[in-house]
Amino acid sequence: MTTELKMDIQWSEVAQIVESVFDTMMGLELSEAGTPWCPSGERLTAVVHWIGAWNGAVLLECDRGLACRLAGRFLGMEPPDTVDEVVRDVFGELANMIGGNMKCVLTPGIHLSMPSVLDGGDYSLRIYGAEVCGRIAFQCVDSLFWVTILTTRPAGAGLQECKGRLRSDASCHHESSS
């Protein structure tokens, strides 16, 4: 018999964790932005999964320019001009730090995956059995980035509920002219 856990993720805790990671590691102040999720064509997405008593993931997304500026701040050097392995590693580590700190406010018995980083333009990310619990935009270094929390189901299980009070911003819809 599988027990379904109900998670009550507090947005204030998520925001505090994200703000703390950015302040501690890069000395950056963040502010929430009421901007809907509108991923740019050229972007990075870092994903870290939680596995165990509760299953889910945290996604960190931003445009390539911001990723380069964050890597420079993180490493205390001039920002790279282009995305390279160093930028991808730093971006994955930022998601890992957010996910690791979030693990402390989730159910005990959760393990963290290694981060994965997607880089490019025309891609979509699909995580089997995932449901968006919430997504919020932050303003940082004259650019936006998004943090998304997903709940996922282990193979053969029903979807676990995320009762979070996270905001689920509407997706960005681009109108095209004919």
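So the values come out like this:
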{"item": "In range of the label at Met114: residues from segment 33-71 whose backbone nitrogen is under 19 Å from the point 7 Å along Cα→Cβ", "result": "45-52, 57-60"}
{"item": "Ranked His49, His111, criterion: other C-beta atoms within 10 Å, fewest first", "result": "His111, His49"}
{"item": "Fraction of the pair-distance distribution of segment 7-162 above 20 Å, Cα-Cα pairs, percent", "result": "46"}
{"item": "Sparse-neighbour loop sites [chymotrypsin sites (Phe, Trp or Tyr not before Pro); segment 28-130; at most 12 other C-beta within 10 Å; DSSP]", "result": "Tyr123, Tyr128"}
{"item": "Ranked packing of 139-147, 23-31, most packed first, by mean Cβ within 10 Å", "result": "139-147, 23-31"}
{"item": "Residue order, fewest to most beta carbons within 10 Å, for Leu106, Leu75, Leu44, Leu66", "result": "Leu75, Leu106, Leu66, Leu44"}
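Only the coordinates and a few stated rules stand behind these numbers; no lab work does. Nothing here was measured: the structure is a model prediction, and the numbers come from that model. No Cβ is skipped: glycine too gets one built from the backbone with ideal geometry, and neighbour counts run over all protein chains shown.
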